[in-house]
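Encoded as structure tokens, the structure appears first; notes follow it.
Please treat every number below as a calculation from the coordinates, not as lab data. Keep in mind the model is a prediction, meaning the values are calculated, not measured. As a convention, Cβ positions derive from the backbone with ideal geometry for all residues, glycine included, and neighbour counts pool all protein chains shown.
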Amino acid sequence: MKLHTLPLVLLGTMGAIAFTGCKPKEAEPIAPSAVGAPAVPAASPTISAAAAATHTKPFDITLVPGSKAEVPPFPYLDLPKEAQGAGYHVENQDFDRTWVLAGEELRTVDGRTSERWFPLGPVHLSMLAAFRNYETAIKSMGGVKVNTVHPIDPAFVARNDGNQEAIFKKLGIPNSRHADTEGTPTFSQYLIRTPKENIWISLIFFDGDLNMSLKVVREEAMQQTVSLIKADTMAAALADEGHIALYLNFDNDSDQIRADSNSVIDEIAAMMAADPTLKIRVEGHTDNTGTAARNNSLSRARAEAVVKAITAKQIAADRLMAEGAGANRPLVDNRSEENRAKNRRVELVKL
């Protein structure tokens, strides 16, 4: 399947949506395709500060409807062909942590990222035409708009330390001083929930209505290589060094141990079964991305999950204790993804 592409968006067996160019600053209607494009709703109105202050419920991702639509390959949406050579810019990362706006809260997301921006003039699209074309393509994949507040909303900014520039930096917004321009939102956050992954897409207009940015994140956990260390090797390391670092895979932002790490749990249990006097502390460690509070709670939860998994192997609970160290005791600096991966670990410490 091809990417969703301007001026023609391919939707596999679902048909096609025609993308009609128009002169910059002109809000011309979108021409329907031969098979009929779905009706596109008008842009959402600006959320007032008063409204934002009264709606501060935590975002519940499970309430967002799942999508059964066929989704094209990453990054899902293409740029207009005229954008190439017209000052467009691309930044891609195989794995990184970024921020999205879910409901009324900033949320960190780990995964494969793409940020692309281009000027609207050379591609002959008005801001309204670009917005509606891309929104239609996103909705055809089952995407749902999930931000209920704009990043410049005063109440939202106040809840996030009052630092507008920091919010812009997190969300990848070069500048956006108005919530609406000619009836078009300057920032829109969408979520596509498929059976396999979450896909976050941001539509951003900046420099007035001169430039557009597409920010895409395919949410996923860092695929750590789990090296199987045998029970006797662990025991020797604990006897000699008093501790050993292990690398287990967990679900993204979760304490759920992935199935490919079960063999490591088996070896820990075998080591403890072979030496009934051995007691260990299981320490969870993270890198320094995200807030200290979240890192501390996540590292503790993961350590407790490992302890629970070991005790399920008939190891007495009083021989184990869990501790969350967060990012406080890194093995190496956190300047690269490779180093951050080394710091995301579980350590066994002999008591």
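Quick notes on this structure:
- The range 71-199: relative contact order as a whole-number percent, Cα under 8 Å and 6+ apart: 24
- Long pairs among Lys145/Lys169; Lys145/Lys196; Lys139/Lys342, criterion Cα-Cα beyond 30 Å: Lys139/Lys342
- For Lys230, a cut-off of 17 angstrom between C-alpha atoms picks up these lysines, skipping any fewer than 8 places away in its own chain: Lys313, Lys350.
- Averaged over residues, the count of other Cβ atoms within 10 Å places the peptides 297-304, 90-97 in the sequence 297-304, 90-97, highest first.
- Based on every Cα atom in the range 252-295, Rg and the maximum pairwise Cα distance Dmax equal 14.2, 40 Å.
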